[in-house]
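Asker: Just dropping this structure here.
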Amino acid sequence: MANYTPMMQQYLKIKAQQKDAFLFFRLGDFYELFFEDATKAAQELEITLTSREGGEDGRIPMCGVPYHSAANYIKNLVEKGYKVAICEQVEDPKEAKGVVRREVVQLVTPGTVMDGVMLDEEENNYLASLTPFDDGTFVIAYNDLTTGENSVAMLTDGFDGVLSELFNRPVKEIVVPTDLSAEFQTSLQDRLGVTISKEDRTEITEDYQSLIQHLHQDKLKIGFGRLFYYIQETQKRSMEHLKEVQYIELNQFMKLDMYSKRNLELMETIRKQGKKGSLLWVLDHTVTSMGSRMLKKWIERPLLKKQLIEERYNQVEGFLEQFFERETLREALQSVYDLERLAGRVSYGNVNARDLIQLKQSIGKIPEIKSILRSFSQPELKKLGDQLHPLQEVYQLLDESIYDDPPITIKEGGLIKDGFNNQLDDYRDAARNGKQWIAELERKEREATNIKSLKVGYNRVFGYYIEVTKANLHHLPEGRYERKQTLTNAERYITPELKEKESLILEAQEKSVDLEYDMFLKVRDQVKAYIPSLQQLAEQICSIDVLQGFATVSEQNQYARPELVDNRDIYIEQGRHPVVEKVMKDDTFVPNDVNMQDESDILLITGPNMSGKSTYMRQLALTAVMGQIGCFVPCSYARLPIFDQIFTRIGAADDLVSGQSTFMVEMMEAKHALTKATDRSLILLDEIGRGTSTYDGMALAQAIVEYIHEHIGAKTLFSTHYHELTELENSLNHLTNVHVRAEEYEGKVVFLHQIQKGAADESYGIHVAKLAELPEPLIDRANAILKQLEGSSEMSESPSYSLEEDQQLTLFEPKEKTVQVEAEQMNTKDETKVIQQLKDLDLLELNPIEAMNHLYQLQKQLKKQ
Ligand code: ADP
Ligand code: MG
């Protein structure tokens with residue numbers, strides 16, 4: 001270090017504290033980066049890498065960005081997940097002795113950006129922290145610095161639960177303790193793509209204790225403490241807009257794990273990872289960006305309390321009943337700016353006069369919104385109107401103080417209205433009078449000298465001057481003015497009087513600009529006092545926006561208000577898939593009923609590929625989610641229970657996109673559903689067991705269905721291409737077969753997408769192959785093999801295996817017969833025999849397929865009784 005120049009020594013000292021950030025080191029009008037920071041940033045930002053003399057050690061790599069356009073470069077880096085430490089000169093270079101003192105004034109990180117250009121209006125920008133405890137629980141804390149929102153949740157489902165909770169949430173950065181296991185860290189990075197930051201300290205300073213006053217568990221306080229400490233470390237300023245920490249009681253909301261959130265495409269599609277094509281895309285008819293953010297929160301956490309859901313239904317219904325009022329309301333809401341983030345910026349201190357005007361205009365809309373809401377006849381909407389606080393004091397303050405069209409800068413005046421402050425008015429008068437005197441001077445001097453082109457001008461260097469063109473100089477009496485400057489075509493003069501007025505004007509102007517800045521800060525501080533009310537107002541407006549959006553989408557798509565039942569019956573008439581029907585043109589979507597009432601818990605869905613099985617299943621799950629966030633649902637009539645959890649599992653072969661479609665993953669996902677589901681849950685198992693050989697997969701599929709039937713009792717949709725499983729209807733009381741109808745027309749398959757009772761009775765594989773124009777002789781051969789199999793197989797009337805799998809079937813056929821017993825002989829005594837046969841089986845000698853065959857035969861014997 002000794003070899004470096006003093007400034008580089010200063011740099012290195014600061015850099016040592018900011019190892020994981022790009023250090024933007026202020027040098028005059030530039031932020032400079034050095035050493036590795038420079039080489040890396042030059043690459044990431046595509047800027048030129050140069051070098052500078054650093055001392056005896058030779059040249060140091062360097063690159064820089066101009067101070068005034070730094071925001072874009074910072075944004076670029078932060079969006080890529082990097083952190084940027086902004087190091088400013090903290091003393092006036094003119095007064096500095098030696099190297100100017102510099103300090104890091106802010107650390108911009110993905111989770112703590114405040115700057116408008118870096119934020120997505122329709123998305124929260126969360127910073128989260130994760131704290132593991134010895135008892136296996138985790139605490140997650142959230143903060144959105146732009147809105148001041150803080151919350152914590154306790155997770156007891158292990159690390160899987162953590163991933164599920166964080167999945168799909170707009171979390172940009174997670175603060176973890178340094179000793180968090182490497183496995184978890186990689187998981188967070190890979191699965192969620194977030195920036196990881198480390199912080200071990202968790203204390204919360206005295207001034208901010210009120211934030212956690214309602215948290216009763218130390219674990220929650222520690223969890224939030226980690227987040228809070230990190231915020232303080234990075235932001236280095238007071239944050240009065242931080243809201244009291246809300247405890248998210250996870251058991252008050254429907255649980256959706258990571259796989260289900262992804263498979264159901266609630267927020268984004270699996271393929272394109274964009275909003276289009278997701279449930280959010282269909283439902284988002286909000287008109288404000290804060291409403292759009294709120295809608296996401298609602299979709300993330302469907303409700304469980306009937307009363308709360310019904311309240312939302314009532315409000316949606318109220319909005320639906322009065323179209324014109326609703327339209328007027330939408331219009332009024334459109335002129336409300338982002339109150340939530342404006343409030344955040346007021347307290348963060350980066351608000352300008354234009355922001356305050358946006359705030360004023362937004363507040364100015366509240367009385368109108370209030371009265372529109374009161375014009376609805378639905379009592380709960382009236383109530384929403386009554387609850388809105390119009391905050392007239394704030395409106396009045398801003399209206400009296402700030403010009404409607406102020407400049408962006410807050411230090412150059414032109415912000416504060418006349419009449420707001422006497423002193424300011426006096427300064428302005430003085431300046432105005434002075435200017436008037438000068439204008440008068442010009443008139444008088446023209447007259448006196450008879451020079452029409454004589455003028456009084458102003459520039460920064462010489463101040464006010466009198467200018468006479470060279471052509472007119474002979475008119476000017478000698479010694480009338482003092483000469484100040486000679487131009488090519490003119491001479492410029494001053495007079496003592498003019499200079500005297502000038503200093504009066506300038507002084508008044510300078511004083512008034514300074515005073516304006518003070519006044520602006522004062523107004524801002526006065527507004528600060530209203531931040532909690534503004535935040536509350538913002539929240540009310542958000543909900544109103546989301547609810548009117550529900551009404552709008554429900555009307556457009558003819559959704560129906562569900563009837564929530566206390567038992568577990570599901571009954572849907574003419575149900576539709578909210579997204580697929582939107583994507584398909586010309587009303588071609590075929591609606592289907594769902595009937596899972598009384599004892600019907602499991603629907604076993606069969607039907608050819610592409611017939612609509614997956615669509616039908618997801619349709620039910622999405623309907624449940626929509627119903628529990630308070631929106632109407634896509635059908636003509638629905639009776640729905642309130643589900644505590646939804647599980648969605650997709651057979652490995654169908655899950656083409658995940659890139660990790662191993663059978664093991666499929667089984668682990670299934671395990672998750674089977675261990676966590678209750679009889680109030682909804683389970684979708686889509687072609688489970690496909691990732692392994694036919695019998696193996698079929699055995700597992702059957703065992704899973706039976707397990708759910710016997711041990712869980714959850715409402716379950718189970719689609720399968722194992723046609724054999726349809727026989728389970730005979731043995732499982734709560735299982736019903738349905739199939740998707742497809743018809744043969746002129747030797748081809750026509751998909752009708754209609755769900756009907758009973759099992760599918762045809763195999764369409766060969767027809768599909770025909771459609772795909774496989775060679776004619778091949779199709780003929782396949783038909784022949786199929787006929788042969790249909791004749792010989794006892795396992796199924798219409799096998800639907802692929803040809804390769806059929807070979808296996810023939811191979812094992814003889815074994816089936818070895819355990820055949822005459823059905824007529826069966827009685828209770830024979831049941832004992834079956835049990836004996838079971839006992840006799842040497843499991844270690846059997847492969848899974850043989851075991852399956854034995855099981856199948858044994859069960860068949862029992863059923864024949
Ligand atoms: P499966 O799971 O049986 O292979 P999918 O549910 O994936 O079939 O549906 C295949 C395609 O059929 C869908 O992409 C959709 O275009 C169409 N489809 C599905 N259900 C319907 C329906 N009810 N009405 C109209 N088209 C449908
Ligand atoms: Mg499918």
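The values are calculated or read from the model by the stated rules, or taken from the named source; none is laboratory data. Only a predicted model underlies this, so the values are computations on that prediction, with no experimental measurement involved. For neighbour counting, all protein chains shown are included, and Cβ atoms are generated from backbone atoms with ideal geometry for every residue, glycine included. Note: areas computed on protein heavy atoms with side chains; ligands, DNA, RNA excluded. Shrake-Rupley method; radii C 1.70, N 1.55, O 1.52, S 1.80 Å.
Asker: For residue 21, work out the one condition from (1) touching a Leu at 6+ places or on another chain (Cβ under 8 Å); (2) over 20 Å from residue 104 (Cβ atoms) it doesn't fulfil.
Answerer: Answer for residue 21: the failing condition is (2).
Asker: For the range 620-653, how many residues are touching a helix residue (DSSP H, G or I) at 6+ places or on another chain (Cβ under 7 Å) and free of Cβ contacts under 8 Å to residues at least 40 places away in the same chain?
Answerer: 1
Asker: Ok, one more. If you go through the range 675-708, how many residues are open to solvent by less than 40 Å² (accessible area, probe 1.4 Å), among the hydrophobic types (A, V, I, L, M, F, W, C) and away from ligand 1 (no atom under 16 Å from the Cβ)?
Answerer: Residues meeting the conditions: 8.
Asker: Give just the number: which of (1) in contact with a helix residue (DSSP H, G or I) (Cβ under 6 Å, 6 or more places away or on another chain); (2) at pLDDT 90 or above; (3) open to solvent by 70 Å² or more (accessible area, probe 1.4 Å) does residue 475 not satisfy?
Answerer: It fails just one condition, (2).
Quick grid of which residues meet (1) under 23 Å from residue 231 (Cα atoms); (2) of a type outside the set (Asp, Glu):
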{"position": "145", "(1), (2)": "yes, yes"}
{"position": "148", "(1), (2)": "yes, yes"}
{"position": "153", "(1), (2)": "yes, yes"}
{"position": "160", "(1), (2)": "no, no"}
{"position": "169", "(1), (2)": "yes, yes"}
{"position": "173", "(1), (2)": "yes, no"}
{"position": "176", "(1), (2)": "yes, yes"}
{"position": "184", "(1), (2)": "yes, yes"}
{"position": "187", "(1), (2)": "no, yes"}
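Asker: Scan 673, 714, 701 and give me the residue that is within 16 Å of ligand 2 (Cβ to nearest atom) and either out of contact with any Cys (no Cβ under 9 Å at 6 or more places or on another chain) or among the basic types (Lys, Arg) (or both).
Answerer: Sole residue among the options that is within 16 Å of ligand 2 (Cβ to nearest atom) and either out of contact with any Cys (no Cβ under 9 Å at 6 or more places or on another chain) or among the basic types (Lys, Arg) (or both): 701.
Asker: Which of the residues spanning the range 572-582 are surrounded by fewer than 23 Cβ atoms within 10 Å (Cβ to Cβ) and either free of Cβ contacts under 8 Å to residues at least 40 places away in the same chain or within 16 Å of ligand 2 (Cβ to nearest atom) (or both)? Please lay out each step first, then the result.
Answerer: Kept after step one, since they are surrounded by fewer than 23 Cβ atoms within 10 Å (Cβ to Cβ), are these residues of the range 572-582: 573-574, 580-582.
580, the sole residue that qualifies.
Asker: Can you name the residue in the range 645-663 that is more than 16 Å from ligand 1 (Cβ to nearest atom) and at pLDDT 75 or above and is also surrounded by the fewest Cβ atoms within 10 Å (Cβ to Cβ) among such residues?
Answerer: Applying the filter and picking the extreme gives 645.
Asker: What pairs come out if I take residues in the range 605-619 that are among the hydroxyl-bearing types (Ser, Thr, Tyr) and pair them with residues that are near ligand 2 (Cβ under 8 Å from one of its atoms) whose C-beta lies under 7 Å away, six or more apart or interchain?
Answerer: 614/686; 614/719
Asker: Just checking, how many residues over the range 591-600 are under 32 Å from the mean Cα position of the chain (by Cα), more than 16 Å from ligand 2 (Cβ to nearest atom) and open to solvent by 10 Å² or more (accessible area, probe 1.4 Å)? Write out each step before concluding.
Answerer: Pass one, the range 591-600, residues under 32 Å from the mean Cα position of the chain (by Cα): 591-592, 594.
In the following step, the residues that additionally are more than 16 Å from ligand 2 (Cβ to nearest atom) were identified as 591, 594.
Still in the running and open to solvent by 10 Å² or more (accessible area, probe 1.4 Å): 591.
Within the range 591-600, residues that are under 32 Å from the mean Cα position of the chain (by Cα), more than 16 Å from ligand 2 (Cβ to nearest atom) and open to solvent by 10 Å² or more (accessible area, probe 1.4 Å) number 1.
Asker: Only one residue in 30, 34, 22 is open to solvent by 30 Å² or more (accessible area, probe 1.4 Å) and in contact with a helix residue (DSSP H, G or I) (Cβ under 7 Å, 6 or more places away or on another chain). Which one? I'd like the intermediate steps shown before the answer.
Answerer: Numbers: 34 fails: open to solvent by 30 Å² or more (accessible area, probe 1.4 Å); 22 fails: open to solvent by 30 Å² or more (accessible area, probe 1.4 Å).
When all the criteria are applied, what remains is 30.
Asker: Which members of the range 601-638 meet the condition of being more than 15 Å from ligand 2 (Cβ to nearest atom) and open to solvent by 20 Å² or more (accessible area, probe 1.4 Å)?
Answerer: 636, 637
Asker: Something else about it: So which of 545, 587 is crowded, with 22+ Cβ neighbours inside 10 Å, more than 16 Å from ligand 2 (Cβ to nearest atom) and acidic (Asp, Glu)? Even if it seems obvious, please write down each step before you answer.
Answerer: Working: 587 fails: crowded, with 22+ Cβ neighbours inside 10 Å.
Selected residue: 545, the only one of 545, 587 that is crowded, with 22+ Cβ neighbours inside 10 Å, more than 16 Å from ligand 2 (Cβ to nearest atom) and acidic (Asp, Glu).
Asker: On the basis of being open to solvent by less than 50 Å² (accessible area, probe 1.4 Å), without any contact (Cβ under 8 Å) to a residue 12 or more places away in the chain and either at positive phi or in a helix (DSSP H, G or I) (or both), does residue 521 make the cut? Outline the logic, then answer.
Answerer: Numbers: open to solvent by less than 50 Å² (accessible area, probe 1.4 Å): yes; without any contact (Cβ under 8 Å) to a residue 12 or more places away in the chain: yes; either at positive phi or in a helix (DSSP H, G or I) (or both): yes.
For residue 521, the condition - open to solvent by less than 50 Å² (accessible area, probe 1.4 Å), without any contact (Cβ under 8 Å) to a residue 12 or more places away in the chain and either at positive phi or in a helix (DSSP H, G or I) (or both) - is met.
Asker: Across the range 49-104, what is the total count of residues that are open to solvent by less than 60 Å² (accessible area, probe 1.4 Å) and assigned to a strand (DSSP E or B)?
Answerer: Number of matching residues: 17.
Asker: For the range 587-604, how many residues are of a type outside the set (D, E, K, R) and free of Cβ contacts under 8 Å to residues at least 12 places away in the same chain? Before you say what the answer is, go through the steps one by one.
Answerer: Keep residues of the range 587-604 that are of a type outside the set (D, E, K, R), which gives 588-592, 594-597, 600, 602-604.
Remaining after also requiring free of Cβ contacts under 8 Å to residues at least 12 places away in the same chain: 588.
Of the residues in that region, 1 qualify.
Asker: Next up: Does residue 259 satisfy being at pLDDT 90 or above and part of a helix (DSSP H, G or I)?
Answerer: Values: at pLDDT 90 or above: no; part of a helix (DSSP H, G or I): yes.
Judged against the criteria, residue 259 is not a match.
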